Amino acid sequence: MDLYHFDPATMFSFLLTLFRVSILLFVLPFFGGSNIPNSVKGAFCIIMALALWPHLSFPGALMPASPWHILIMFMGEVMIGLILGLTVRVLFGAVQMGGQLIGFQMGYAMINVVDPLTGQSVVITSHFLYMCTLLTFLVLDGHLYLLQALAESFSMVAPGGLLISPQLSLHLIRVVGQIFVLAIKIAAPVTAAIFLVDLALALVSRSAPQMNVLILGFPLKIGVGFLFLGILFTTLSRYVGEFITSMGPTFRALLGGMS
């Protein structure tokens, strides 16, 4: 680069690209997890921006001249990252909610572990299903859809061009509403099986009151829960695959609502 013929527009173009890449990567799952050191994430953002800049970039003329306008543009970039990250976290939130229901029915509600990604205490079955879903998501190349959404945001939403429209609000409500439906679908097989076990134990206690149904019920419900939890993996992988397939149209609809 010829320093004596330095073009400020070139530097502004790279900074705008770095803003979009860094904010999205810090907010999106897997890339911006709290268990990854900030120095590693910062270096990854710079490398990613240098790799994308020759192919995906914004004109330097879009850089605002006022510091207040730069702050507003920065907040808009954060909002874009939060909206796209929310779309992916719906799947894992539904899995964790289903795991909470399963753990409560199996009697594991008192056994909690610390989630390394969020730092919160969750039921062990919830964390187990979360890790299985995370591995399935990565194996099915779900993280590549996140990078594809990052690339499409360059052509659909300009820096500082975020627009909160009614169309965007409807898409967000529709996406977030899936978390409850998906959680019930995930927890339904195990919950229904344990409910039948409780019903059978209730009938046994009425016909043979001398039996200690409480002591018998704990290992029985745990065994049935683990049995149907193993069967659940096939259904869970199908739900994850369907969610990944729908991520592309969902991201395009959200980005279209932002522009």
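Just to be sure, is residue 193 farther than 30 Å from residue 53 by Cα and without any contact (Cβ under 8 Å) to a residue 40 or more places away in the chain?
For residue 193, the condition - farther than 30 Å from residue 53 by Cα and without any contact (Cβ under 8 Å) to a residue 40 or more places away in the chain - is met.
How about the stretch 1-107: which helices (runs of 4 or more DSSP H) wholly inside it have at least 1 residues that are surrounded by 20 or more Cβ atoms within 10 Å (Cβ to Cβ), acidic (Asp, Glu) and modelled with pLDDT of 75 or more?
Helices (runs of 4 or more DSSP H) meeting the threshold: 67-106.
Here are some residues: 125, 133. Which one is assigned to a helix (DSSP H, G or I), buried (at least 19 other Cβ atoms within 10 Å of the Cβ) and at pLDDT 85 or above?
Working: 125 fails: at pLDDT 85 or above.
Testing whether each residue is assigned to a helix (DSSP H, G or I), buried (at least 19 other Cβ atoms within 10 Å of the Cβ) and at pLDDT 85 or above leaves just 133.
Can you list residue pairs whose Cβ atoms sit under 6 Å apart, with the first residue in the stretch 208-219 being within 15 Å of residue 106 (Cβ to Cβ) and the second being polar (S, T, N, Q) and at pLDDT below 75? Count only pairs 6 or more apart in sequence or on different chains.
Hits for this filter: zero, empty list.
Residue 138 passes all but one of (1) crowded, with 16+ Cβ neighbours inside 10 Å; (2) among the hydrophobic types (A, V, I, L, M, F, W, C); (3) under 20 Å from the mean Cα position of the chain (by Cα); (4) modelled with pLDDT of 80 or more; which number fails?
With (1) crowded, with 16+ Cβ neighbours inside 10 Å; (2) among the hydrophobic types (A, V, I, L, M, F, W, C); (3) under 20 Å from the mean Cα position of the chain (by Cα); (4) modelled with pLDDT of 80 or more applied to residue 138, the lone miss is (1).
So which residues in the stretch 157-182 are over 29 Å from residue 96 (Cα atoms) and either crowded, with 16+ Cβ neighbours inside 10 Å or under 16 Å from the mean Cα position of the chain (by Cα) (or both), if there are any at all?
Within the stretch 157-182, 157, 158, 159, 160, 162 qualify.
It is to be established whether one or more residues within the stretch 183-191 are modelled with pLDDT of 80 or more, farther than 26 Å from residue 95 by Cβ and more than 16 Å from the chain's Cα centre (by Cα).
No, there is no match, as no residue in the stretch 183-191 is modelled with pLDDT of 80 or more, farther than 26 Å from residue 95 by Cβ and more than 16 Å from the chain's Cα centre (by Cα).
The values are calculated or read from the model by the stated rules, or taken from the named source; none is laboratory data. Just so it is clear, the model here is predicted, and its values are computed rather than measured. Positions of Cβ are backbone-derived with ideal geometry, glycine not excepted, and every protein chain shown enters the neighbour counts.
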